[in-house]
């Protein structure tokens, strides 16, 4: 099902779809699977054909360790491709192994796989899936507890000094600071967290809790407590 608005009154000429799913393998390993597909509408490439025609379908998997965010295994498979030589590039993506998925990853991917050094569609897929992997860290945090987001010295017991509290806040924010305008290191949101102030409940969480007749404190106690 498409999340885009209805388009029956528009002439469709191309559809590109990305999908990424991230799985917990164990307490310190995630598996990310992703696919990109390009589809042309009926009767565009082949006159009189009443079926859509897929031109590209590339699959990629990454195994990522936590908290290091290091890729320990990777693989690419080209299911649908336009030219017989396309699949020969798949093995080149083994160079993903050893990379860190955090900051600098997009630049490194361009260096390794940009232009004639890779498949444009697979490289675009990698760049699209990396943010999903980083988003999954929060899911792992809920599954595994705070040890993925904080230093070990801060997880064994509650911080007892102002310095400990500040370090805990910084550790919690480490993966988000300067990733967007909300998480600007000099912005209001980060300042509130650093000062130990009340953090806004994520809007989808707040809406759903309201629908369930439950309190936002439940989310704060579970996910934002020191």
Gain upon complete extension [residue 7, residue 80; 0.36 nm per residue less C-alpha separation]: 23.7 nm
Rounded, prolate or oblate (a/c below 1.5 giving rounded, otherwise prolate when a/b exceeds b/c) for region 18-138 by Cα gyration tensor: prolate
Estimated FRET transfer efficiency when R0 is 30 angstrom, pair residue 199-residue 127 (beta carbons, to 0.05): 0.50
Potential lengthening between residue 207 and residue 72 on full extension [0.36 nm per residue; Cα-Cα distance subtracted]: 44.8 nm
Cβ-based exposure ranking for 143, 63, 108, in which fewest neighbours within 10 Å come first: 143, 108, 63
Gap separating the Cα centres of region 57-84 and region 1-30, nearest whole Å: 17
Fully extended contour minus Cα-Cα distance, from residue 47 to residue 15, at 0.36 nm per residue: 9.7 nm
Ranking of 180, 86 by count of other Cβ atoms within 10 Å, fewest first: 180, 86
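Coordinate-derived values only; no laboratory data. Bear in mind that the values here come from a model prediction, so they are computed numbers and not experimental data. Neighbour counts run over all protein chains shown; Cβ positions are idealised from the backbone, glycine included.
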